[in-house]
Amino acid sequence: MRNLIHRPPGERSAGSDEVAGFGSASRRQSHTTPEGALRIDLIDGVQYRLTRPVSHRHGHLTEAFRADWGVTDAPVVQVNVSVTFPGKIRAWGIHRFTIDRLFAATGSLRIVCYDGRHGSRTFGRVNEFFLGGRNQGLVVIPLGVFHGWKNIGEDEATIVSMPSQLYDHDGPDRWELMWDSAAARKIIPYEWR
């Protein structure tokens, strides 16, 4: 059933030689499997979990993180709420000692990870996640993986961050490579369009 092309009875298909430009078009692959899972080759150590709001007569509840999901054993020691204005980019961040957990709560976000770890089997891989209010989810980012996001919506977007280490105001484990710098363009094969 999956490979069937549906057309009205008696209709013939449009042949590639009958439509100008058809030969230059490429067949699309669905972003999800028939079971609804994302088709993505994850960076080693990156994990994601889509969440589902539970509606009731008083509103909605969404679980942002549970230890029994098994996405990381690292403790949650701090919770931050980060709001990004429409069209703004916050990238590239990286940590040496901190595992990041980013929960896309509201708005429309493109969260991107890049594996620049030389010893990683996924060195050079980029992962993109489209998450937010209509498609809430959690992305777990391991040590040494560049990450950032862009608000691709028309309203403010909210990320709830749950790092594995307390933020040290005197010596933060936060390193930044500005997304629009020449160094970022040379190192990370990603364009924030």
So what's the back-of-envelope 222 nm ellipticity for the chain, counting only DSSP H runs of four-plus at -39500 (n - 2.57) apiece and dividing by all residues, rounded to 500? -500 deg cm²/dmol
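Of all alpha-carbon pairs in the stretch 43-193, indicate the percentage at a distance above 22 angstrom. Don't skip to the end; give the middle numbers.
On the way: 4507 of 11325 pairs.
The calculated P(r) of the stretch 43-193 puts 40 percent of pairs beyond 22 Å.
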Charge dipole of the chain built from unit charges on the beta carbon (Lys, Arg +1; Asp, Glu -1), centred at mean Cα; most positive-end Cα among Ile141, Asn127, Ile159 is Asn127
Local electrostatic count, Glu63, Cβ distance below 14 Å [Lys/Arg +1, Asp/Glu -1]: +3
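State to the nearest 20 debye the size of the charge dipole of the stretch 15-131 about its Cα centre, where the only charges are +1 on K and R beta carbons and -1 on D and E beta carbons. Before the final figure, lay out the partial values.
On the way: 15 positive and 11 negative charges, 70 e Å.
Roughly 340 debye for the stretch 15-131.
For Leu50 and Glu18, what is the calculated FRET efficiency with R₀ set at 41 Å and r taken between the beta-carbons, to the nearest 0.05? Show your work: numbers first, answer last.
Numbers: r = 41 Å, r/R0 = 0.99.
With a Förster radius of 41 Å, E is 0.50.
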Picking from Asn80, Leu42, Leu177, whose Cα lies most toward the positive end of the charge dipole for the chain (charges on Cβ: Lys, Arg +1; Asp, Glu -1)? Leu42
Report the relative contact order of the stretch 73-193, percent, no decimals, based on alpha-carbon pairs under 8 angstrom and at least 6 residues apart. 41
Sequence-distant or interchain residues sharing an amide H contact under 5 Å with Arg125, placed H: which? Asp115
Heavy-atom surface of the chain, accessible at 1.4 Å and reported per residue (Å²): 67
Evaluate the charge dipole of the stretch 113-193 about its Cα centre and quote only its size in Debye, nearest 20, assuming +1 on the Cβ of each Lys and Arg and -1 on the Cβ of each Asp and Glu. 480
Compute the separation of the alpha-carbon centres of the stretch 35-69 and the stretch 114-193 and state it in Å as a whole number. 18
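Determine the gain in length on full extension of the stretch Glu63-Leu42; use 0.36 nm per residue of separation and subtract their C-alpha separation, reporting nm with one decimal. Walk me through the intermediate numbers first.
Values: separation 21, 0.36 × 21 = 7.56 nm, distance 2.27 nm.
The Glu63-Leu42 span can extend by a further 5.3 nm.
The values are calculated or read from the model by the stated rules, or taken from the named source; none is laboratory data. Note that the structure is a prediction, hence the values are computed from the model and not measured. Cβ atoms come from the backbone with ideal geometry, glycine included; neighbour counts cover every protein chain shown. All accessible areas refer to the heavy atoms of the entire protein, side chains included, with ligands and DNA or RNA removed. Shrake-Rupley method; radii C 1.70, N 1.55, O 1.52, S 1.80 Å.
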